[in-house]
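Student: Pasting a structure here, questions to come.
Read-outs throughout are calculated quantities, based only on the coordinates presented, and are distinct from any laboratory measurement. Computed from a predicted model, the values in this text were never measured in an experiment. With ideal geometry, Cβ positions are generated from the backbone for all residues, glycine too; neighbour counts draw on all protein chains shown.
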Amino acid sequence: MIGDELRMKFICEYCGKEFEESPSKRINKHVYCSKRCSYDAITGVEKSKVRVKVICKYCGDEYEVIQYREDRTSYCSLECFCASQRGKGNPNWKGGISPYYNNDEIWVNIRSEALKRDDYTCQICGKERNLHVHHIIPYRLVGEHRITNLISLCPDCHRKLERNTYKYLLRSNND
């Protein structure tokens with residue numbers, strides 16, 4: 001390989017390991033085999049080897065991390081991190097369940113009626129799985145659920161319809 005003849009053998013001043021490197025990469029008088037050895041030698045602390053105990057912000061369990069990661073970690077596992085981001089732990093939390101979705105009995109009943117009326121099929125493409133019930137005129141504008149204002153759609157058609165509605169509204173506001 002090109003440049004192999006220019007490589008020289010060095011011995012790390014910190015760990016004593018022998019390694020090869022191009023002399024042009026030796027820009028200072030100290031010789032270290034890695035950034036970790038360089039850091040440990042300069043600071044006099046083997047942060048890369050010292051482990052410290054940290055408390056998980058979610059479950060409260062104690063776990064160990066390498067010292068230099070102590071300030072960069074808060075959770076003992078990905079599961080704890082994900083669990084901490086649900087509900088009130090999520091930075092986007094707005095205070096609870098909207099009555100418009102989920103627990104509103106009126107919505108649940110009228111949604112079922114709309115699906116039944118539309119024979120449990122998307123009214124655009126005819127798919128029969130994972131249907132959404134869409135407000136033709138947005139709920140925020142009318143403030144109520146009316147069967148005449150609802151249509152059953154598959155997720156793809158719902159997404160396309162929402163995107164086109166948004167584009168239409170943007171265009172009409174700019175005119």
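Student: Determine, for TRP107, TRP93, the number of other Cβ atoms within 10 Å of each Cβ, and report the residues in order from fewest to most.
Tutor: TRP93, TRP107
Student: Which of LYS94/LYS160; LYS53/LYS88; LYS57/LYS160; LYS94/LYS167 have a Cα-Cα distance over 31 Å?
Tutor: As for pairs spanning more than 31 Å Cα to Cα, those are LYS57/LYS160.
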